[in-house]
There are 2 protein chains.
Amino acid sequence: FAASMTTASANEELQKLIDDPNQWAIQTGDYANQRYSELDQITKDNVGDLQVAWTFSTGVLRGHEGSPLVVGDVMYVHTPFPNVVYALDLNDDGKVLWKYEPKQNPDVIPVMCCDTVYRGVAYGDGKIFLHQADTTLVALDAKTGEVVWSVKNGDPSKGETNTATVMPVKDKVMVGISGGEFGVRGSMTAYNMSDGSVAWRGYSMGPDSDTLMDPEKTTHLGEPVGKDSGTATWEGDQWKIGGGTTWGWFSYDPDLNLMYYGTGNPSTWNPAQRPGDNRWSMTIFARDVDTGMAKWVYQMTPHDEWDYDGVNEMILTDQEFDGQERKLLTHFDRNGLGYTLDRESGELLVAEKYDPVVNWTTGVDMDETSDTYGRPAVVADYSTEQNGEDVNSTGICPSALGTKDQQPAAYSPKTQTFYVPTNHVCMDYEPFRVSYTAGQPYVGATLSMYPAPDSHGGMGNFIAWDNTKGEIKWSIPEKFSVWSGALATAGDVVFYGTLEGYLKAVDAETGDELYKFKTPSGIIGNVMTYSHGDKQYVAVLSGVGGWAGIGLAAGLTNPTEGLGAVGGYAALSDYTALGGSLTVFALPN
Amino acid sequence: FAASMTTASANEELQKLIDDPNQWAIQTGDYANQRYSELDQITKDNVGDLQVAWTFSTGVLRGHEGSPLVVGDVMYVHTPFPNVVYALDLNDDGKVLWKYEPKQNPDVIPVMCCDTVYRGVAYGDGKIFLHQADTTLVALDAKTGEVVWSVKNGDPSKGETNTATVMPVKDKVMVGISGGEFGVRGSMTAYNMSDGSVAWRGYSMGPDSDTLMDPEKTTHLGEPVGKDSGTATWEGDQWKIGGGTTWGWFSYDPDLNLMYYGTGNPSTWNPAQRPGDNRWSMTIFARDVDTGMAKWVYQMTPHDEWDYDGVNEMILTDQEFDGQERKLLTHFDRNGLGYTLDRESGELLVAEKYDPVVNWTTGVDMDETSDTYGRPAVVADYSTEQNGEDVNSTGICPSALGTKDQQPAAYSPKTQTFYVPTNHVCMDYEPFRVSYTAGQPYVGATLSMYPAPDSHGGMGNFIAWDNTKGEIKWSIPEKFSVWSGALATAGDVVFYGTLEGYLKAVDAETGDELYKFKTPSGIIGNVMTYSHGDKQYVAVLSGVGGWAGIGLAAGLTNPTEGLGAVGGYAALSDYTALGGSLTVFALPN
Ligand SMILES: O=C(O)c1cc(C(=O)O)c2c(n1)C(=O)C(=O)c1cc(C(=O)O)[nH]c1-2
Ligand SMILES: O=C(O)c1cc(C(=O)O)c2c(n1)C(=O)C(=O)c1cc(C(=O)O)[nH]c1-2
């Protein structure tokens, strides 16, 4: 670890770690974001005997997203702001090998839209990459916790913050940015792993030189995007404060040399203030990892009227589709549609509702010859644009939280099924005029949220999804949104956590509940698994918070506070309280 | 619950709850402070199979002392400042029935000497008694969490605070006070359970009308104390800021109608500033619960020179001593001596070191005819008084934390053995002159602490003690002080927690370790047990802090900060981090 490895060997080492099911080197488990583990000591037949093996309190109260990493004999645990990192010795009962606690200006807290969450560190090249709330990107020596280098990706005084994990790829680290509620213009930046210098930066909007688009070669649904497509659908300079932030999950296909991620909502939430399609907010990007050049894009929600950020993970699978082996990309969007695309070409294959209550659209136009090809048909009743400013549009499904938010889904190649933690929440949305001031909220809508009416009364479902048919296989109703990430394993078990705090294990085929355990606090972390000393462990962070848990996390009680989420989730305090801790499970000895 | 019960029936109900091993109605388990449970589903033979049944995060970070209560189907969980109380439904997976969160001025935090701990609520008369850090005593309706009444016991602006639990007895609630490091004059106050009015208050020092002493009838080692004994051994008005606070545990003998408790250090820590015996600091009090009148007292450490507060619990047992059935009181004092007294008369029966490293005294004069009867003989080398102001007395054992601090011991009538969590720490102590300002620290000594030299290297032991012989039966070395309270059960198991966070179960006869589990954070809470639905549970709060953990709890790193405790326990951060949570254990189904 003493010196950096050569690029090639660092890259090889990381790929080897990712391929080794005993370890968990990056947040997403693998580059494909499948969150699938080959470990099969814990099976659907014995998972009922699971026990808590050990626990670790993080010392931080607010929402704990992401998961620990395991590299060799060391577990790395991160926290929300102040973004502490612990290295725990798995050979010595979790003893703290080192702890890194950055000093950050707490002024960043009020410019984080949706709790002070952090989706976790990543490993690469003997380093632990920490991307702090204040956008400082730090490379820590994985052995000692010492700072190898540190750079600043954004400026919190302008509302630029971070909650996302980074993705180490080859000799670079891919880095996103948050701040769509503060008029931040989103970007993806590749930093060189060796010294933190910038390799490239691609913005979500702006001239081609900013978006790294080739008017001819970059395509949208098979057609060239044309010149300056990142400014052409905006009025004036509005694109400069246009949102489209990149705070979700990133994936990567080594064969195609492409990375995939989605962009967030256009700013502000008041659609009347930004006429046009607002490209490339709400868009799936496929970029060359070496140059940053966009190969293809697909905008899911042109001219957003509901805050349906397009940042949710892109899950890469190789599956048969219409009789052909295809390189697929599956994406469960906030807007309630589950998309399947060809990830090489960006061709749209499937776009179907993954919650039947979705009502703002009747669906996506799949007719390639149509003028509105690939566009969702908007239902006038639920169009906050058509209803206008200062009008409360009611009964829109899903709510701004989307049918799924940041909580990542899992995919099992064994069952060829996606396991998706979802929200089952609708909303009222009243847009109003705002003016932009750097570093001040630039939201422009008042929201209230509630369980989907005329349904099971709960605010979430955990579903199994067929991405080639665009169909729900089974659905487990949940009292609250499932804000935790799922894990699928070769033991035919799927794990997820609930906002009340349960870790649940279900049968990958049937969805039957096989095990549940109440962890100290509500779970918004992602379940991971590793093995150590020939024993399989399952681990999850609990610590309620995130946008759904913002009422508890920030101590808010007014129903429309927390961008409208406080009221809907008020009953959470009947089940759980704040507190970050790791719970590690295993079968009895 | 609607109206208060009659005194007699409330009293009867509480005694019944205390006698019922399925419940845990007051912090000490019973009035005798034995911390022994008749439950025997978990035995020394099966305790190795123990599992975590459920967990609950409290939402508060700093040190969690005390334990939950169980009354009927409800568990009551408290937190340190801000002193939240949760009522959890044991019939519904620990769902929150109600939560009470007092509003307290945070200015109280810096006037709490040893972390913002709270040793827990008590049940009585259909009420939950909460004594807040700011000394507000609140009676909450146990069913609804509504405030029935509320009174203020002290004034935090003068350094008066609270950390102790209250003891409900008959129609009264017994209430102590903290602030010995701020020149607070200690007192015990009995409030009427029905409305919170004061029934009596007995000070630790002052004229007889304040101390509630009868010059003729109140005795010290069999002799009348004489007139105004609470001022006679003080210079001038120094007794008014004389300390002797009452922040420990209280016990009660219904047959004798006496309550027992100890008083803390005389203020300041610089002995040169307060010549004389400083009565009745460092004293065991036996008071009539109806009138408050002191029946007998025994001062263990006259003219304290080391901060050896005498507040540790008095454990009441009926045992044979020298061939006679006696009503005994056993007390493990901070000063390193384990005392056995006759609790009816106050006769001193045994006073022996319960850690062989204790060196400040050669022992207590047990010759009834001697002038120094009952006094410890002070070793000049370790006398901070004799060495003088501004001189660093080194190598004193125990440290100011004592051989035992607030962490309560347990007693098993089956083995007639006491199980004592202890400190194995020594110190350097340099007194200096201070002047008194209300609400400002009035300490006057600089301390540093370290593991007992020439021993096993650790800072604690968990010992078994024979109180009639004054002998250690066995001793388990521990890396850190055992700052958690012990529990003994009819299953011949003894439980305790460690500062690293382990819950441990040992064989009551041999001390052999039978089980251990690493809870989320370091344990300074007290282990309790209850049964629900015919299943025995063991529960403990983790959440590192207290005086030993003050470095972690308050974020202090300078070794002499935290009244000298920071340096000695610096290595704690290699094992654990802050975070309050409850872990509940049971045997597998
Ligand atoms: O537009 C943005 O920049 C931005 C950032 C974040 C974030 O960084 O957490 C969220 C959102 N938007 C958002 O719309 C959203 O629903 C959301 C949920 C969460 C969360 O972690 O629970 N973060 C965010
Ligand atoms: O003199 C006092 O009033 C006073 C109060 C307290 C307290 O209230 O916690 C402690 C002490 N002294 C003290 O000497 C001491 O060792 C101590 C340890 C602890 C703890 O909870 O860990 N509190 C206190």
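Brief remarks on what is shown
- Alpha carbon convex hull of region A:448-504, projected area averaged over orientations, nm²: 5.2
- Positive dipole terminus of the protein assembly as shown, leading residue within A:LEU97, B:GLY66, B:MET213 (C-beta point charges): B:MET213
- Electrostatic dipole magnitude of region A:29-170 [Cβ: Lys, Arg +1; Asp, Glu -1; Cα centre; debye, to 20]: 400
- A from B by rotation - nearest chain B beta carbon to the axis, in Å: B:VAL52, 2
- Given charges at Cβ of Lys, Arg, Asp, Glu: region B:9-111 dipole, positive-most of B:PRO21, B:ASN33, B:VAL77: B:VAL77
- Candidate cross-link partners of B:LYS535 among the lysines, defined by an alpha-carbon separation under 17 Å and a same-chain spacing of 8 or more, comprise B:LYS44.
- Selection of trypsin sites (Lys or Arg not before Pro), region B:442-481, meeting DSSP coil and at most 14 other Cβ within 10 Å: B:LYS469
- R0 of 25 Å, Cβ-Cβ distance B:LYS240-B:VAL147: FRET efficiency to nearest 0.05: 0.15
- Based on the reciprocal of the average 1/r between different C-alpha atoms, the Kirkwood radius for region A:1-146 equals 16.5 Å.
- Region A:346-436: relative contact order in percent, alpha carbon pairs under 8 Å with at least 6 residues between: 26
- Taken as Cα centroids, region A:58-131 and region A:157-171 sit 14 Å apart, rounded to the nearest whole angstrom.
- Net charge dipole size for region A:253-306 [Lys, Arg +1 and Asp, Glu -1 on Cβ; Debye, nearest 20]: 200
- Cross-link reach is defined here as a Cα-Cα straight distance under 19 Å, omitting same-chain residues fewer than 8 places apart; for B:LYS103 the lysines meeting it are B:LYS152.
- When the Cα positions of B:GLN324, B:THR340, B:THR283 are compared along the charge dipole of region B:270-343, B:THR283 comes out farthest toward the positive end, with charges on each C-beta of Lys, Arg, Asp and Glu.
- Interatomic Cα distance distribution for region B:171-316, bins of 5 angstrom, percent: 2, 12, 22, 25, 21, 12, 5, 2, 0, 0
- If you take the alpha carbon atoms of region B:131-218 and fit the smallest convex hull around them, that volume is 104 Å³ per residue.
- The shape of region B:72-229 can be summarised by an equivalent ellipsoid whose semi-axes, obtained from the alpha carbon gyration tensor, come to 32, 19, 12 Å from longest to shortest.
- Label-to-label distance, nm, for residues given as B:GLU368 and B:ALA570 (7 Å Cα→Cβ offset): 5.2
- Per-residue Cβ neighbour counts within 10 Å put B:ASP155, B:ASP367 in the sequence B:ASP367, B:ASP155, beginning with the fewest.
- Modelled spin labels at A:LYS95 and A:ASP45, positioned 7 Å past Cα toward Cβ, are 3.9 nm from each other.
- In this simple spin-label approximation, B:TYR436 and A:GLU561 carry label points 7 Å from Cα along the Cα→Cβ vector, and these lie 4.3 nm apart.
- Here r is the Cβ-Cβ distance between A:TRP474 and A:ASP454 and R0 is 35 Å; the resulting FRET efficiency, rounded to 0.05, is 0.95.
- Loop-located chymotrypsin sites (Phe, Trp or Tyr not before Pro) in region B:205-306 (DSSP state other than H, G, I, E, B) with a sparse environment of at most 12 neighbouring Cβ atoms within 10 Å are absent.
- For region B:76-120, applying the loop criterion from DSSP together with a ceiling of 10 other beta carbons within 10 Å to the trypsin sites (Lys or Arg not before Pro) yields B:LYS103.
- Which listed pairs, of A:LYS295/A:LYS327; A:LYS170/A:LYS414; A:LYS353/A:LYS473; B:LYS327/B:LYS504, have C-alpha distances above 21 Å, in listed order: A:LYS170/A:LYS414; B:LYS327/B:LYS504
- Against the rule of thumb 2.2 N^0.38 Å, how large the Cα Rg of the protein assembly as shown comes out: 1.00
- Chain B, relative contact order [Cα under 8 Å, separation at least 6], %: 15
- Sorted from nearest, the other copies put their A:ALA232 label points 10.2 nm away, the label point being 7 Å from Cα in the direction of Cβ.
- Using a cutoff of 8 angstrom between alpha carbon atoms and counting only pairs six or more residues apart, the relative contact order for region B:136-276 works out to 20 percent.
- Coarse-grained scattering of region B:432-589 at q = 0.17, 0.21 Å⁻¹, given as base-10 log I(q)/I(0) from a Debye sum over alpha-carbon atoms: -1.03, -1.31
- Position A:ASP365, label points 7 Å along Cα→Cβ, spacing to each other copy in nm (shortest first, one decimal): 10.4
- Distances from B:ASN392 to itself in the other copies, using label points 7 Å out along the Cα-Cβ axis, amount to 6.9 nm in increasing order.
- Chain B, dipole about Cα centre (Lys/Arg Cβ +1, Asp/Glu Cβ -1), debye to the nearest 20: 1300
- With semi-axes defined as the square roots of five times the eigenvalues of the C-alpha gyration tensor, the equivalent ellipsoid of chain A measures 32, 27, 24 Å, largest first.
- If you take all other residues with their beta carbon under 12 Å from the beta carbon of A:MET75, and give Lys and Arg +1 and Asp and Glu -1, the sum is -3.
- Counting only GluC sites (Glu not before Pro) that DSSP places in a loop and that have at most 15 other Cβ atoms within 10 Å, the longest clean stretch of chain A runs over A:369-560.
Every number here is computed from the coordinates shown, using simple stated rules; none is lab data. The model shown is predicted, which means the values in this text are computed figures rather than measured ones. Methodologically, a virtual Cβ is constructed for each residue, glycine included, from the backbone with ideal geometry; neighbour enumeration extends over all protein chains shown.
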